[in-house]
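Some notes on the structure that comes next.
Please treat every number below as a calculation from the coordinates, not as lab data. This is a predicted model, so every value here is computed, not measured. In this analysis, Cβ positions are derived from the backbone assuming ideal geometry, glycine residues included, and neighbour counts consider all displayed protein chains.
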Amino acid sequence: MFITENPFSLLSETLPVSFIQAYVILMFVLVVGGTIIDVVHKKSAEYFFQNAERAKKNAKRQLSAGDKSSVLVKTIAEDVLTSGEFCNPNRRMSHLLGMYGFIFFVLSTAVMVFSYPTAGDATPVLWPLLWHLGAAMVVFGGAWFWFFIRVDVSAEGHAWNRLVRADLFILSLLATTATGLLWSFFQSVQSQPWATLFLALFIVSSAVLFGGVLWSKFAHMFFKPAAAYQKRIAKADGSLDMLPEPADRTNPADRDRHSMELLKNEPMNMGLGIKREQPHHY
Ligand code: HEM
């Protein structure tokens, strides 16, 4: 069964191992280079540290090292490992599938290409299984996102096939994993023309995915954890990103504010508000 076979060691019968390994190294270099250029070009790191400094000046509480480590642990456990920033459970589930699928796919690619590159190597079955499972998770989670969950489609009423530059990441990610799976299948059943076609598409789409970091949302996987940590710090130290404290109508000072007059006699819990109904009036 193709899902238990190392597709790269099969490929080494037609392409030199050094070529396959050089390609993977090139992709890695493109991601690192693209991320560094992105940070320098958009000045995002500079802004991030300026913002963190400003937050520190506006802090209402001094956080101890213990407070900061607990914020860090919460960020890792909730925002990074379990995609806790997504309120919509479908978005969260599709993101978890895409994120863990991609990690499985990248990790197993590196292990198979560098530790078990040739047909003679006995690849432990875990790695090809993880590679195929990871790719399938990305295809499933990514297609779910693309066709149904994406804001353009689910809230703005645009057709699923309308393309904008922001789609570069999700589409190249979907194309890489889908063509990778198809290439592996056709290579395994020795259907040479199809295997060659999907291998070529796999190479092109992965080059777009890893080479397009500067123009796509790829690098969010490195930036978002830092942003999520800073967001939690701003809440914990009371600087609140320069926003006002959330209004609390149980507090008489808040309740008697001019802007709250209309709500004075309203019940505390006023229901779902804009979350009552999914947008579909277009
Ligand atoms: C292997 C890693 C990851 C993959 C493959 C991945 C994939 C994706 C995809 C496909 C989207 C939708 C992008 C779009 O609108 O086109 C997305 C959005 C998002 N991701 Fe990730 N992600 C990864 C890691 C992370 C991490 C580590 C975090 C946070 C700590 C994160 C937080 C988010 C958030 C908050 C959004 C919504 C943001 C927005 O719409 O701008 N992601 N991710």
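About the Cα centre, and with charges only on the beta carbon of Lys, Arg (+1) and Asp, Glu (-1), how big is the dipole of the stretch 2-241? Nearest 20 debye, please. Spell out each step's value before the answer.
Working: 19 positive and 15 negative charges, 224 e Å.
Roughly 1080 debye for the stretch 2-241.
When the stretch 1-149 is described by a simple charge dipole with +1 on each Lys and Arg Cβ and -1 on each Asp and Glu Cβ, the residue from A55, P7, L30 located farthest towards its positive end is A55. Converting phi to 3J(HN,Hα) with the Karplus coefficients 6.51, -1.76 and 1.60 and the offset θ = phi - 60°, the stretch 214-219 yields 5, 10, 10, 8, 3, 5 Hz in sequence order, with x at every glycine or proline. Remark: the A119-N251 segment gains 40.4 nm on full extension, using 0.36 nm per residue and subtracting the alpha carbon distance. Sequence-ordered 3J(HN,Hα) estimates for the stretch 13-22 from the Karplus curve with 6.51, -1.76 and 1.60 and θ = phi - 60° stand at 6, 10, 10, x, 4, 4, 5, 5, 5, 5 Hz, glycine and proline given as x.
For a test of the definition: using alpha carbon positions, the gyration tensor, and the 1.5 limit on a/c, classify the stretch 148-282 as rounded, prolate or oblate.
On the way: a/c = 4.03, a/b = 2.38, b/c = 1.69.
Prolate, since a/c reaches 1.5 and a/b exceeds b/c.
Here the calculated FRET efficiency for M270 and L243, from their Cβ-Cβ distance with R0 = 25 Å, stands at 0.75, rounded to the nearest 0.05. Working note: Karplus 6.51/-1.76/1.60 with θ = phi - 60° gives the stretch 168-178 the couplings 4, 5, 4, 6, 5, 5, 4, 5, 4, 6, 5 Hz, where Gly and Pro are set to x. Please give the per residue volume of the convex hull enclosing the alpha carbon atoms of the chain, rounded to a whole number of Å³. Taking only Cα atoms, the chain has a hull volume of 183 Å³ per residue.
Please identify the trypsin sites (Lys or Arg not before Pro) of the stretch 137-231 that satisfy two criteria: DSSP loop assignment and at most 11 other Cβ atoms within 10 Å. Which are they?
R162
The alpha-carbon of K56 sits under 29 angstrom from the alpha-carbons of these lysines, leaving out residues fewer than 8 places away in its chain: K42, K43, K68, K74, K217, K224, K231, K235.
Would you compute, from DSSP H runs of 4+ residues alone, the mean residue ellipticity of the chain at 222 nm, taking -39500 (n - 2.57) per run and dividing by the full residue count, rounded to the nearest 500?
On the way: 11 runs with 167 residues, N = 282.
Mean residue ellipticity, 222 nm, calculated: -19500 deg cm²/dmol.
Is the C-alpha gyration tensor of the stretch 19-85 telling us rounded, prolate or oblate? Criteria: a/c under 1.5 is rounded; beyond that, a/b larger than b/c is prolate, otherwise oblate. It is oblate, given that a/c is not under 1.5 and a/b is not larger than b/c.
So which chymotrypsin sites (Phe, Trp or Tyr not before Pro) in the stretch 139-219 are both in a DSSP loop and have at most 16 other Cβ atoms within 10 Å of their Cβ? Qualifying residues, ordered by number: W160, W215. The calculated FRET efficiency for the pair E85 and I37, based on their C-beta separation and a Förster distance of 22 Å, comes to about 0.25.
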